[in-house]
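See structure below.
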Amino acid sequence: MARRGGRTPALRVLTERGVPHTVHEYHHDPSAPSYGAEAAEALDVDPARVLKTLLARVDGSLVVAVVPVAGRLYLKGLAAACGGRRAVLAEAADAERATGYVVGGISPLGQRTALPTVVDVTATAWPTVLVSAGRRGLDVELSPADLLTLTGATTAPVARP
């Protein structure tokens, strides 16, 4: 698991690969009802530009979905994007075990297990997006193209307002 105060696996990946990025730290309130909305508000960034990382099971296999915090995951769209028939959100314990991060701080970067990843197509409309840097209260800003390259992700319409 990523440790508070140290470089997270996500930040190590960005540094080792020489990817331009900006780290944004903010005070995390454990009682916040939505970690993503909290980040967007604390950083004064359009919630459509701040992306949350969710894990789901498509036909039983874990996959990563990266969608704007302003929306929600469209499970049918995710299943279709992965060539599957049915998608359900993964249990928190399964997500934490597979990624090495805690819920609310799951980054699409530097995960313990490389999983198929789908980023919502709307992310490509922005010059930069923000994703979790591997712990609550820490986000990283990078280009959508770099996010796609580093995660090996595809894009598809996997979010709904």
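The values are calculated or read from the model by the stated rules, or taken from the named source; none is laboratory data. Only a predicted model underlies this, so the values are computations on that prediction, with no experimental measurement involved. Using ideal geometry, Cβ is built from the backbone for each residue, glycine included, and neighbour counts are taken over all protein chains shown. Quick note on the areas: whole protein, heavy atoms, side chains included, nothing else; ligands and nucleic acids left out. Shrake-Rupley method; radii C 1.70, N 1.55, O 1.52, S 1.80 Å.
Taking region 62-83 as the range and being free of Cβ contacts under 8 Å to residues at least 40 places away in the same chain and touching a Gly at 6+ places or on another chain (Cβ under 9 Å) as the test, only 69 passes. Pairing each residue of region 86-108 that is under 21 Å from residue 141 (Cβ atoms) with any residue that is open to solvent by less than 10 Å² (accessible area, probe 1.4 Å) and of a type in the set (Phe, Trp, Tyr), provided the two are 6+ apart or on different chains, yields C-beta distances under 7 Å for 107/101.
Checking each residue in region 95-125 for being outside any loop (DSSP other than H, G, I, E, B) and open to solvent by 40 Å² or more (accessible area, probe 1.4 Å) picks out 96, 97, 121, 122, 124, 125. With the checklist (1) at pLDDT 95 or above; (2) outside any strand (DSSP E or B); (3) more than 22 Å from residue 7 (Cα to Cα) in hand, flag the one item residue 31 doesn't pass. Unmet for residue 31, out of (1) at pLDDT 95 or above; (2) outside any strand (DSSP E or B); (3) more than 22 Å from residue 7 (Cα to Cα): (1). Residues considered: 68, 47, 9. Of these, the only one that is within 14 Å of the chain's Cα centre (by Cα) and open to solvent by less than 30 Å² (accessible area, probe 1.4 Å) is 68.
Among the residues of region 57-75, those identified as over 16 Å from residue 103 (Cβ atoms) and either in a helix (DSSP H, G or I) or among the small types (Gly, Ala, Ser) (or both) are 60, 61, 70, 71, 75. Checked across region 76-91, the condition of being buried (at least 17 other Cβ atoms within 10 Å of the Cβ), in contact with a Pro (Cβ under 9 Å, 6 or more places away or on another chain) and assigned to a strand (DSSP E or B) holds for no residue. Within region 86-100, take every residue that is within 15 Å of residue 116 (Cβ to Cβ) and of a type in the set (Gly, Ala, Ser) and give me the one that is nearest to the chain's Cα centre (by Cα). Checking each candidate, the answer is 95. Would you please name the residue that is farthest from residue 131 (Cα to Cα), looking only at residues in region 12-44 that are open to solvent by 70 Å² or more (accessible area, probe 1.4 Å) and among the polar types (S, T, N, Q)? Out of the qualifying residues, it is 31.
Suppose we keep only residues that are aliphatic (A, V, I, L, M) and assigned to a helix (DSSP H, G or I) within region 126-157. Which one would you say is surrounded by the fewest Cβ atoms within 10 Å (Cβ to Cβ)? The residue in question is 145.
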